[in-house]
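What follows is a single structure, written as structure tokens, with notes after it.
The values are calculated or read from the model by the stated rules, or taken from the named source; none is laboratory data. A quick note: this is a predicted structure, and the numbers were derived from the prediction, not measured. Cβ placement follows ideal geometry from the backbone for every residue including glycine, while neighbour counts extend to all protein chains displayed.
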Amino acid sequence: MAAISTAVFSFLKAGDHCVAQTPVYGGTHEVFSLLETFGVQVTRVKLSADGNVDDFKAAIKENTKLLYAESPANPICRVLDLQAFGALGKVIQFNSTMLLKLFTLTGQRYRHNGG
């Protein structure tokens, strides 16, 4: 939570806009709710079952400074198309906590795929 909080509070100020995936980890949801009390507009986008980024793209505004996503999404474990998400061209914050736990439990290794 410290990393997520530090990143969002470093990038965003009153008048900025953020697009955040929903659902997210409960603590992360609270961080985005807190941002709204400081004058940051937050649009929450439901992660689609197929992981496409169309809703994220549609939510971007002129003052959008940050896109936030978790993949696999906590707690529903839906997976985002990371390459398409990265191509949206804004500052991106991505959390893969659930992925790392899954890989640890299954003995898989995390690999960077350029996304």
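Annotations for the structure displayed:
- Of all the criteria given as (1) at pLDDT 85 or above; (2) within 18 Å of Ala2 (Cα to Cα); (3) out of contact with any strand residue (DSSP E or B) (no Cβ under 6 Å at 6 or more places or on another chain), the one not satisfied by Tyr68 is (3).
- Pairing each residue of the stretch 2-21 that is among the small types (Gly, Ala, Ser) with any residue that is modelled with pLDDT of 85 or more and crowded, with 19+ Cβ neighbours inside 10 Å, provided the two are 6+ apart or on different chains, yields C-beta distances under 6 Å for Ser5/Val31; Ala20/Phe32; Ala20/Val42; Ala20/Tyr68.
- Filter result for Val45 (surrounded by 16 or more Cβ atoms within 10 Å (Cβ to Cβ), β-branched (Val, Ile, Thr) and not in a helix (DSSP H, G or I)): yes
- Candidate set: the stretch 1-12, residues that are surrounded by fewer than 14 Cβ atoms within 10 Å (Cβ to Cβ) and not aliphatic (A, V, I, L, M); chosen: the one nearest to Ile76 (Cα to Cα): Thr6
- Residue list for the stretch 49-65, restricted to those being modelled with pLDDT under 90 and crowded, with 21+ Cβ neighbours inside 10 Å: Val53
- Flag for Phe38 being under 12 Å from the mean Cα position of the chain (by Cα) and at pLDDT 80 or above: no
- Scanning the stretch 44-73 for residues that are over 11 Å from the mean Cα position of the chain (by Cα), of a type outside the set (D, E, K, R) and over 18 Å from Phe9 (Cβ atoms) turns up Ser48, Ala49, Gly51, Asn52, Val53, Ala58, Ala59, Ile60.
- Total residues in the stretch 13-34, condition closer than 22 Å to Ser71 by Cα and either of a type outside the set (Ser, Thr, Tyr) or surrounded by 19 or more Cβ atoms within 10 Å (Cβ to Cβ) (or both): 14
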